[in-house]
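Some notes on the structure that comes next.
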Amino acid sequence: MTQQLSTQASENVKQWLQDPSIDEETKRELEGLSDQPLELEDRFYKDLEFGTGGLRGVIGAGSNRINRYTVGKATQGFARYILEQHGSAEGTPSVVIAHDSRHFSPEFALEAALVLAGNGITAKLFPSLRPTPQLSFSVRHLGATGGIVITASHNPPEYNGYKVYNAEGGQLVPDEAEKVISYIQQVDSFAAVKRLDQQEAEAKGLLVWLGQEDDDAFIRTVADVSVNREAIASTLGQDFKIVYTPLHGTGNIPVRRVLEEVGFTNVHIVAEQEQPDAEFSTVKSPNPEEREAFTLAMKVGQEIGADLLIGTDPDADRMGAVVKNQAGEFVVLSGNQSGALMIYYLLSQLKEAGKLPNNGAVIKTIVTSEMGATIAEYFGAEVFNTLTGFKYIGEKMTQFEKTGSHTYLFGYEESYGYLAGNYARDKDAVLASLLICEAGAYYKAQGKTLYEVLQELYEQFGYFQEKLESRTLKGKDGLAQIQAKMSDWRSNPPQTVAGQAVTQVLDYSKGLDGLPKENVLKYMLEDGSWFCLRPSGTEPKIKVYFAVRGDSLDDANARIQKLSDEVMARVDA
């Protein structure tokens, strides 16, 4: 079976086949791959890496796959971390667990719960799918020691993932993750994973099922972020027509509940995408960043004359919005555009109500547009930059909460993740859905569409345009190619790009501006434009971000096209 395999893969296959802890069905699956050495190599050439906050990989048997064994091993390491963090505190430590609509999500969530129980940690488990932001909220609300969510966000159907959270409700930042990784690596066999069966865990009170009360607390808290609740409930919420698609994920019930709670009554659901579906069968990708995901929503929107279309990804932490332009055509807003609209709406309303604090803070990532930052500074808020990943925004929020130095107002990243309110430490598409709908209804009452407001913001603050290109390079060879490309750009930086001199190269692997070290390169150009190269932490991709500021939209679009064409020609070489 192991001919043509690398030494590491061959050894891993042998260990799995000989391990008495692994069930016979899994072993038969592996034996059935004996004539597929390339598949076996990919499944076993390494252990699935615990990366940005946890695991993410293709479902299946193997050390480089996500399955009950790799989930159990990761949970054993996390359990040790939880027990270490809990220290001598009184009472039993606890971990809240949620999952999305993907294949094996309920099974992996239960497996994690039973391993925690085997380590004497109380697992508080949602009985059915819940949004990732609700997990973050519930960790804080229930005073838990940590959290786990089983999700692969908007990855293809064959993927699943495992993300872990600290007691603040945030995904683990590097120093925390490194400790968990070291503990996982010390789990030398699956037999070392401690586990109770479900009946024993429940009898001992180490498996607790969460329910309606926990859902209600989340909905109330999100609804309380509304800044124009009375106006929405009285008139605006009835007139504003919304089309919503949960893209077969976890958002359906909470998004509808929050909108109804605040007073939106004219909400139309895309019926074909309403129910959970692990295959995401109506879309190529369940990603609200992509126009194709809104095809069915646009059809409904056209039929009813919708004011706004919104969609959430499978674990409801990302929200995409679609508006109509002056010609009545649907336009998918970028994450940067939606973020700018929400910042302007939120801060202008707080200012009008006399509730804008003088120490307000907005947090964004280093690859997010400067437009939102410019708007925030206009309202007197201080802007903070973090590395990519909402865990860093959450970490900054906790710093503000502990020191009292700033009042958190809004945090966002270009990849459609937003949070207003201090109730969670992860991006929340439920809240973003509420906020973008509220902004839309408010401006409709003034005779404006969100598209028109966006044009006004360009005129006032500058014609910012952004673009993202990515290249998927799968498997062992793909990882090597990505590393080689980053090495080439790092050792041979360009002097000029698109006719502009490179004025600064920011290599975040050196830990710039007090930020953690990360494999990211950002190139600043003399006209204020920039581009950034970053390997994805969750997918086999290299991502390239571009940003410009032009004298008009046409000028900005021409600038960004020229910049991206030249950079991608080298990336693809």
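Can you find, within segment 141-167, the residue that is nearest to residue 425 (Cα to Cα) among those that are in a loop (DSSP other than H, G, I, E, B) and over 17 Å from the mean Cα position of the chain (by Cα)?
Start the filter on segment 141-167 by keeping residues that are in a loop (DSSP other than H, G, I, E, B), which leaves 142-145, 151-158, 166-167.
Still in the running and over 17 Å from the mean Cα position of the chain (by Cα): 142-145, 158, 167.
Values: 142: 14, 143: 14, 144: 14, 145: 14, 158: 28, 167: 10 Å.
Only one residue fits best here, namely 167.
Out of all the residues in segment 232-264, which are at pLDDT 95 or above, farther than 21 Å from residue 291 by Cβ and among the hydroxyl-bearing types (Ser, Thr, Tyr)?
Within segment 232-264, just 250 meets the criteria.
Specify the residue that is nearest to residue 394 (Cα to Cα); the eligible residues are those in segment 500-529 that are among the β-branched types (Val, Ile, Thr) and outside any loop (DSSP other than H, G, I, E, B). Spell out the reasoning first.
So in segment 500-529, the residues among the β-branched types (Val, Ile, Thr) come out as 502-503, 505, 520.
Going one step further and asking which of them are outside any loop (DSSP other than H, G, I, E, B), we end up with 502-503, 505.
Details: 502: 32, 503: 31, 505: 27 Å.
Looking at residues that are among the β-branched types (Val, Ile, Thr) and outside any loop (DSSP other than H, G, I, E, B), I get 505.
The conditions are (1) aliphatic (A, V, I, L, M); (2) within 20 Å of the chain's Cα centre (by Cα); (3) part of a strand (DSSP E or B), and residue 208 fails exactly one of them. Which is it?
(2)
Look at residue 376 and say whether it is in a helix (DSSP H, G or I), modelled with pLDDT of 95 or more and in the same structural domain as residue 428 (by TED's automatic domain parsing).
On the way: in a helix (DSSP H, G or I): yes; modelled with pLDDT of 95 or more: yes; in the same structural domain as residue 428 (by TED's automatic domain parsing): yes.
When the stated conditions are applied, residue 376 passes them.
Of everything in segment 377-399 that's of a type in the set (A, V, I, L, M, F, W, C) and under 22 Å from the mean Cα position of the chain (by Cα), which residue is nearest to residue 509 (Cα to Cα)? Before the answer, list the steps.
First, the residues of segment 377-399 that are of a type in the set (A, V, I, L, M, F, W, C): 379, 381, 383-384, 387, 390, 393, 397.
Keeping just the survivors that are under 22 Å from the mean Cα position of the chain (by Cα) gives 383-384, 387, 390, 393, 397.
Numbers: 383: 22, 384: 19, 387: 11, 390: 19, 393: 19, 397: 23 Å.
Looking at residues that are of a type in the set (A, V, I, L, M, F, W, C) and under 22 Å from the mean Cα position of the chain (by Cα), I get 387.
What are the residues in segment 437-486 that are among the small types (Gly, Ala, Ser), buried (at least 18 other Cβ atoms within 10 Å of the Cβ) and closer than 27 Å to residue 550 by Cα, if any? Talk me through it step by step, then tell me what you get.
Looking only at segment 437-486, we keep the residues that are among the small types (Gly, Ala, Ser), and these are 439-441, 445, 447, 462, 470, 475, 478, 480, 484.
When the remaining residues are screened for being buried (at least 18 other Cβ atoms within 10 Å of the Cβ), the result is 439-441.
Within segment 437-486, 439, 440 qualify.
For the structure I just gave you, tell me whether residue 349 is more than 25 Å from residue 543 (Cα to Cα), assigned to a helix (DSSP H, G or I), out of contact with any Phe, Trp or Tyr (no Cβ under 9 Å at 6 or more places or on another chain) and assigned by TED's automatic domain parsing to the domain that holds residue 437.
Values: more than 25 Å from residue 543 (Cα to Cα): yes; assigned to a helix (DSSP H, G or I): yes; out of contact with any Phe, Trp or Tyr (no Cβ under 9 Å at 6 or more places or on another chain): no; assigned by TED's automatic domain parsing to the domain that holds residue 437: yes.
Considered against the rule, which asks whether it is more than 25 Å from residue 543 (Cα to Cα), assigned to a helix (DSSP H, G or I), out of contact with any Phe, Trp or Tyr (no Cβ under 9 Å at 6 or more places or on another chain) and assigned by TED's automatic domain parsing to the domain that holds residue 437, residue 349 comes out as no.
Restricting segment 340-363 to residues that are under 25 Å from residue 512 (Cα atoms) and in contact with a helix residue (DSSP H, G or I) (Cβ under 6 Å, 6 or more places away or on another chain), which is surrounded by the most Cβ atoms within 10 Å (Cβ to Cβ)?
If we take residues in segment 340-363 being under 25 Å from residue 512 (Cα atoms) and in contact with a helix residue (DSSP H, G or I) (Cβ under 6 Å, 6 or more places away or on another chain), then 363 is surrounded by the most Cβ atoms within 10 Å (Cβ to Cβ).
Check whether at least one residue in segment 427-445 is of a type outside the set (D, E, K, R), part of a loop (DSSP other than H, G, I, E, B) and either out of contact with any Leu (no Cβ under 7 Å at 6 or more places or on another chain) or touching a residue at least 24 places away in the same chain (Cβ under 8 Å) (or both), and report yes or no. Reasoning before the result, please.
Pass one, segment 427-445, residues of a type outside the set (D, E, K, R): 429-437, 439-443, 445.
Filter once more, so that each one left must be part of a loop (DSSP other than H, G, I, E, B): none.
No, segment 427-445 has no match at all.
Report yes if residue 536 is within 30 Å of residue 37 (Cβ to Cβ), outside the structural domain of residue 340 (by TED's automatic domain parsing) and surrounded by 14 or more Cβ atoms within 10 Å (Cβ to Cβ), otherwise no.
Working: within 30 Å of residue 37 (Cβ to Cβ): yes; outside the structural domain of residue 340 (by TED's automatic domain parsing): yes; surrounded by 14 or more Cβ atoms within 10 Å (Cβ to Cβ): yes.
Yes: the conditions hold for residue 536.
Could you say whether any residue in segment 421-439 is more than 25 Å from the chain's Cα centre (by Cα) and not aromatic (Phe, Trp, Tyr)?
First, the residues of segment 421-439 that are more than 25 Å from the chain's Cα centre (by Cα): none.
Among the residues of segment 421-439, not one is more than 25 Å from the chain's Cα centre (by Cα) and not aromatic (Phe, Trp, Tyr), which makes the answer no.
Here is a yes/no grid of residues against (1) of a type in the set (Lys, Arg); (2) not assigned by TED's automatic domain parsing to the domain that holds residue 521:
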site	(1), (2)
385	no, yes
398	no, yes
415	no, yes
421	no, yes
427	yes, yes
445	no, yes
474	yes, no
483	no, no
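Looking at 138, 153 in this structure, which one is among the small types (Gly, Ala, Ser) and closer than 28 Å to residue 472 by Cα?
Values: 138 fails: closer than 28 Å to residue 472 by Cα.
The conditions single out 153.
Mind checking which residues of segment 212-231 are at pLDDT below 95 and either among the acidic types (Asp, Glu) or in contact with a Ser or Thr (Cβ under 7 Å, 6 or more places away or on another chain) (or both)?
Correct list: 230 only.
Could you tell me which numbered condition residue 83 fails, if it satisfies all but one of (1) in a helix (DSSP H, G or I); (2) in contact (Cβ under 8 Å) with a residue 60 or more places away in the chain; (3) surrounded by fewer than 24 Cβ atoms within 10 Å (Cβ to Cβ)?
(2)
If you take the residues in segment 37-68 that are out of contact with any Phe, Trp or Tyr (no Cβ under 7 Å at 6 or more places or on another chain) and among the small types (Gly, Ala, Ser), which one is surrounded by the fewest Cβ atoms within 10 Å (Cβ to Cβ)?
Taking the candidates together, the pick is 51.
So, in segment 167-179, exactly how many residues are crowded, with 24+ Cβ neighbours inside 10 Å and at negative phi?
Selection size over segment 167-179: 3.
If you scan segment 499-514, which residues turn out to be touching a residue at least 12 places away in the same chain (Cβ under 8 Å) and either touching a Pro at 6+ places or on another chain (Cβ under 9 Å) or surrounded by 15 or more Cβ atoms within 10 Å (Cβ to Cβ) (or both)?
500, 502, 505, 506, 507, 508
The values are calculated or read from the model by the stated rules, or taken from the named source; none is laboratory data. This one's a predicted model, so the numbers in the text were calculated from it and none came from an experiment. No Cβ is skipped: glycine too gets one built from the backbone with ideal geometry, and neighbour counts run over all protein chains shown.
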